[in-house]
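I have placed the structure first, in the form of structure tokens, so that the comments after it can refer back to it.
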């Protein structure tokens, strides 16, 4: 040790001895150390692995820091922070030299401000063997540890339980730190003689315990959610291959007024992967998300677009016109089950008359969202498309016709002409005179729909747009024959009117038409049909084969779907026969002149003339009274006949046979009866009315009445002696004037008489 006493000069010498060794103190030197905090953030992430949420992961730690080498089992966060990252250090061990530097943690009592998320209790610090432990006040669960390597100053932070991060705007990497001044890192420098120097820096508040967040993932199973607008089993069940039943609105839970109803389980809609993260699950909720856009759906009743609104979490579809509630879509918050309720029918447009065609709204408008919340209120959500999965299935109209099977009588008789014989038919012979019958008709009938069928109509949920009646023609032989051509009647459909035409000549035989609006059927007959062998029934009926002509009713609903039903019609129409009528007036005349009369043949009936036969009923000779004959005449031509009558025509007591011909004139409606073999006649003359032929006394004299010998009325008189014998006969008997009469012989001439009876004189 050296003392510098400074410079001085001794001018006088005086000396004394004093002990000074004990008076001198040798003071120690000591080490000095100074720590300067670098103020780093020591990040520890409570996320486990890559699970939980990686949302907003801008943190100072990675989510899987617990997987770092050295991390103990059970850790959910782990960080080793080098001393060099924590602080800078200045050391001076002093004159004694350095013996060593050690690092330790210093714990100061105080509230951490941290909360164990699981218990909701405060985190309390304790120093155990140099390690600062954070324990939950409730349950004393180890939440985290902070340790420092004594020799290096490296700090190891291990997190075992999640901490509450409070309201952090759903930042899944928000950080919480304990209050400052509670945990410090201290460096202690020891010199060669055991003196120490120390310094410390704040450590606890530098540690950021980063949040974890929940994660949820929905995978759509893309089911079709069918809701049928059909009500009950009414409307149409046609084509019902849909995903919904027509009576789905009767399902338990369906509200009053619903026409379609469906509850779809979440398990049918989506699969779900949920990870609440280290904070644990606080809850999970499902909701609907509505995005703006046109639905593409139309309310059938108003014809206006369906507009979506969110009413307290329920998506409502409403008509743009009238704001009518068309449908609702709701999700159960706790389960994710979706309930779709339809209140009004939608327009399904042109769908090839599919009564279960489906319309769906545009994609992207209605989504189902699942939200997962962890215990410190962080949330994660995912969503899937929902709106376009909902199929609003169509309804269709239904109509049912029940045939009343009437007989539709059409009579081919014209006017009251033709035959009225046996007229028990369903039509009058003059039906063609009915108002509305066209020119040329020989039969006409209008049959009301109420007579033909009864009808049950259900337009369905879309409402009725219209109803129309038509005729359906099916190919087949009618079994009818046109009488004039003898050819079959063939059916054709001409603009909805069924025409019966003759196969030969294509003549229009009849028409059948239906009034589209009313279903009334009009049958018009233009030509007669063959009725075959009908026992001369002038009203026998023929009908076409069944199944050829049907009456169909078609019901159309508000979006153009149709339902139809049909009944048999053709075979219900009875085409009634006509028959001929003829009237022959009595006539009278002489044998020489014959007889002329009139007859009425102007109506052989609609079937036309085929043949004429005549039966001779009665006659009268002079005023002798009517004689009934009832005998058929012999036909020698279409209108000519021959016959004969055997009777006493001249009153001589003997019957004679008289032949005659009968000729009918169809043009002039007249007939002639001519006697071809007149009967003999007796005429009485007075001799004063004639004159004898000149010539002298002969045995036979001629009395002339015609004025000449050639007169037609000349009569030969002769005289006979009553007892004169017959010449040339031996032993002749007494002569008689009757010997001159030979039965069956003709009149004798004068010469014959003279030859038989030579009389010498009168």
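Read-outs throughout are calculated quantities, based only on the coordinates presented, and are distinct from any laboratory measurement. Just so you know, these numbers come straight off a predicted model, no measurement behind them. A quick note on method: Cβ atoms are made from the backbone with ideal geometry, for glycine too, and the neighbour counts reach across all protein chains shown.
Listing for the model above:
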{"read-out": "Sequence-separation-based contact order of the range 225-352, relative, with Cα cut under 8 Å and 6+ spacing, percent", "value": "25 percent"}
{"read-out": "Virtual spin-label span in nm between residue 622 and residue 67, 7 Å along Cα→Cβ", "value": "15.2 nm"}
{"read-out": "Taking the C-alpha atoms of the range 332-386, convex hull volume expressed per residue in Å³", "value": "110 Å³"}
{"read-out": "Mean projected area (nm²) of the alpha-carbon convex hull when the range 260-418 is viewed from all directions", "value": "15.9 nm²"}
{"read-out": "In nm, spacing of pseudo-spin labels at residue 137 and residue 362 (7 Å Cα→C-beta vector)", "value": "5.6 nm"}
{"read-out": "Inter-probe distance in nm under a simple model that places probes 7 Å from Cα toward Cβ, at residue 18 and residue 98", "value": "4.4 nm"}
{"read-out": "Mean separation of Cα contacts under 8 Å, 6 or more apart, over the residue count of the range 87-137: relative contact order %", "value": "25 percent"}
{"read-out": "Fully extended contour minus Cα-Cα distance, from residue 588 to residue 470, at 0.36 nm per residue", "value": "36.3 nm"}
{"read-out": "Relative contact order, percent, the range 438-510 [alpha-carbon distance under 8 Å, six or more residues apart]", "value": "18 percent"}
{"read-out": "Sequence of 172, 531 once ranked by neighbouring C-beta atoms within 10 Å, starting from the fewest", "value": "531, 172"}
{"read-out": "Scaled radius of gyration (Cα, divided by 2.2 N^0.38 Å) that the range 32-212 gives", "value": "1.09"}
{"read-out": "Fraction of the pair-distance distribution of the range 403-576 above 27 Å, Cα-Cα pairs, percent", "value": "28 percent"}
{"read-out": "Full-extension gain in nm, residue 674 to residue 128, via 0.36 nm per residue minus C-alpha separation", "value": "180.4 nm"}
{"read-out": "Percent of C-alpha pairs per 10 Å bin, the range 356-486, short to long", "value": "9, 18, 20, 14, 10, 9, 8, 6, 4, 3, 1"}
{"read-out": "The range 328-360 residues near the modelled residue 265 label - backbone nitrogen below 14 Å, point 7 Å along Cα→Cβ", "value": "335-338"}
{"read-out": "The range 422-487-the range 343-377 distance, computed between alpha-carbon centres (Å)", "value": "50 Å"}
